[in-house]
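Shown next, in structure tokens, is the structure this report addresses.
Read-outs: derived from the displayed coordinates by stated rules, not from any lab. What you see is a predicted model, and the numbers here were worked out from it, not measured in a lab. No Cβ is skipped: glycine too gets one built from the backbone with ideal geometry, and neighbour counts run over all protein chains shown.
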Amino acid sequence: MSTTSIKEYFPALNQKIRGKDFTYLDSAATTLKPRSVIEALTQYYTYDTANIHRGAHFLANKGTTAFEDTRDLVANFINAAHREEIIFTKGTTDSINLIAATFGERFINDGDEIILSTLEHHSNIIPWQLLSSRKKITIKYIPIDGNGDLILSEYRKLFTSKTKLVSITHVSNVLGTVNPIKELISFAHTQGVPILIDGAQSINHILIDVQELDCDFYAFSAHKMFGPNGVGVLYAKQTILEELPPYQGGGNMIDQVGEISSTYNKIPHKFEAGTPAIGEVIAFAEAIKFIKAIGQKQISKYDEDLLKYTITKLSPISGLKIIGNPAKRSGVVSFTLENVHSYDLGSILDMQGIAIRTGNHCAQQLMKCLNLTSIARASFTIYNTNSDIDRLADGIRKVKDFL
Ligand SMILES: Cc1ncc(COP(=O)(O)O)c(C=O)c1O
């Protein structure tokens with residue numbers, strides 16, 4: 001597939017916004033959906049609607065097979081050792097909450113400590129704060145340097161005999177920093193501490209091999225990789241999953257139900273209570289097939305080139321400051337424009353049909369550390385081209401002229 005032809009797979013790009021050509025530079029918030037994903041959703045809701053794992057009729061079986069096939073595809077996509085290590089959740093946020101609730105319940109006790117980083121999205125902070133309001137745990141943060149990279153020597157110093165978990169993002173949604181997670185994982189393991197990786201911003205840009213990384217948990221969302229909303233994945237090592245208590249109670253997660261107590265289903269179903277987002281999981285398979293058809297390595301290379309081009313095009317704009325200069329960056333470029341509030345910048349770009357994200361990006365701690373309250377972020381993926389970036393640069397110049 002050539003990149004120009006890739007745009008053709010995304011109907012949303014073939015529309016006018018405010019009467020202008022549409023330039024979508026907000027893929028870190030959510031990616032657009034290719035036609036195959038939309039068609040799979042339509043097929044399920046038009047013809048194939050049925051509940052799964054319980055019916056004896058044709059569509060119930062068809063749905064169950066398609067749903068479980070997606071689990072195989074996901075396991076293969078991230079090279080999990082076992083399909084049972086793939087749990088479908090509502091998204092990255094839900095996946096992290098699942099671990100905070102279950103691992104937190106079983107393995108983290110009063111007086112224990114966990115390690116996060118200054119780069120975290122609220123989704124990887126609040127579940128731990130909620131846990132710390134139930135149990136008296138201490139949350140420690142790995143600091144960043146002036147470029148937006150984690151200070152690894154400080155990371156190592158944070159471990160004590162009380163450390164029970166590290167939970168850290170793979171890629172920062174604000175600075176694009178690609179954390180050296182292999183190093184972080186292997187150091188945590190030398191200390192006997194498991195580690196969760198928030199893959200929300202990496203899954204669409206970086207080839208993930210959970211066995212090679214040797215992470216204990218990896219969380220991501222389908223909607224950030226061309227898939228539907230309401231579906232996420234929690235990868236967890238089978239040995240750990242077997243030891244965790246259930247997350248939520250309800251149908252599908254049980255084995256035998258008694259008046260007072262019950263026994264639970266096998267993994268992964270033990271962690272999938274109630275009716276899941278069936279059509280969305282089935283359509284998610286099409287998103288994975290789409291990525292595989294292009295090739296993950298090609299996508300990474302393409303994103304890298306586009307990122308370089310963006311920095312080259314935006315840097316010369318006077319008054320524009322690119323935030324952060326991490327050793328390795330992926331997918332996003334955040335910036336401020338002198339004397340222009342990012343909200344105004346975003347609104348005036350929107351008038352030109354250009355969609356970016358503005359605000360605190362669900363990362364208030366990082367914003368505090370950067371001494372900023374609001375920034376603009378352009379983020380992209382395989383359907384963006386250099387001409388989208390040219391439009392953005394021209395658009396920003398127009399904002400300057402306008403104000
Ligand atoms: C780094 C990071 N983690 C977690 C999330 C939360 O993802 P979701 O809202 O899909 O659960 C996001 C969303 O932008 C993110 O960027």
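Note down the magnitude of the dipole of the chain about its Cα centre, charges +1 on Lys and Arg C-beta and -1 on Asp and Glu C-beta and zero elsewhere, to the nearest 20 debye. The partial results should precede the final answer.
Numbers: 41 positive and 42 negative charges, 155 e Å.
Magnitude of the dipole: close to 740 debye.
Projecting the Cα atoms of PRO245, SER161, SER374 onto the charge dipole of the chain (Cβ charges, centred on the Cα centre) puts SER374 farthest toward the positive pole. Derived value for segment 224-292: Kirkwood hydrodynamic radius 13.8 Å. Basis is the mean of 1/r over every pair of different alpha-carbon atoms. The alpha-carbon of LYS398 sits under 24 angstrom from the alpha-carbons of these lysines, leaving out residues fewer than 8 places away in its chain: LYS16, LYS20, LYS308, LYS313, LYS321.
Which value, in nm² and rounded to one decimal, describes the direction-averaged projected area of the C-alpha convex hull of segment 38-292?
The directionally averaged projection comes out at 14.3 nm².
In terms of Cα atoms, the Rg and Dmax of segment 182-316 work out to 18.9, 70 Å. Once Rg and the Kirkwood radius are both taken over the C-alpha atoms of segment 326-403, their ratio Rg/Rh works out to 0.97. For segment 164-242, state the average projected area of the convex hull of the C-alpha atoms over all orientations, rounded to one decimal in nm². That works out to 5.7 nm², a quarter of the Cα hull's surface.
What lysines sit close enough to LYS135 to cross-link, taking a C-alpha to C-alpha distance under 27 Å and skipping anything fewer than 8 places away on the same chain? Cross-link targets: LYS90, LYS157, LYS162, LYS164, LYS237, LYS270, LYS368. For segment 252-359, the spread of Cα positions along the three principal axes, ordered from largest to smallest, is 70, 34, 31 Å.
Out of all DSSP beta bridges with both ends in the chain, state the antiparallel percent to the nearest 5.
Numbers: 27 of 45 bridges.
Looking only at bridges with both residues in the chain, the antiparallel portion is about 60 percent.
Taken along its principal axes, the alpha carbon cloud of segment 130-178 reaches lengths of 34, 23, 16 Å, longest axis first.
Would you kindly state how much longer the chain becomes between GLU212 and CYS369 on full extension, computed as 0.36 nm times their sequence separation minus their alpha carbon distance, in nm to one decimal? Before the final figure, lay out the partial values.
Working: separation 157, 0.36 × 157 = 56.52 nm, distance 3.27 nm.
Gain in length upon complete extension: 53.3 nm.
Counting GluC sites (Glu not before Pro) as exposed when in a DSSP loop with at most 13 other beta carbons within 10 Å, what is the longest stretch of the chain free of them? Intermediate results must be reported in sequence, preceding the final value.
Numbers: sites that count: GLU242, GLU243, GLU259, GLU338.
Of all site-free stretches, the longest is 1-241.
Between the C-alpha center of segment 15-72 and that of segment 264-330 there is a gap of 17 Å. Expressed per residue, the C-alpha convex hull volume of segment 1-48 stands at 110 Å³. Kirkwood-type hydrodynamic radius, segment 72-167: 14.8 Å, calculated from all non-identical alpha-carbon pairs.
Can you give the helix-only mean residue ellipticity at 222 nm for the chain, where every DSSP H stretch with n ≥ 4 adds -39500 (n - 2.57) and the sum goes over all residues, rounded to the nearest 500 deg cm²/dmol?
Values: 14 runs with 154 residues, N = 403.
Roughly -11500 deg cm²/dmol at 222 nm, from the helical runs in the chain.
The aspartates and glutamates whose alpha-carbon is closer than 16 Å to the alpha-carbon of LYS292, local same-chain residues fewer than 8 away aside, are ASP69, ASP72, ASP209, ASP303.
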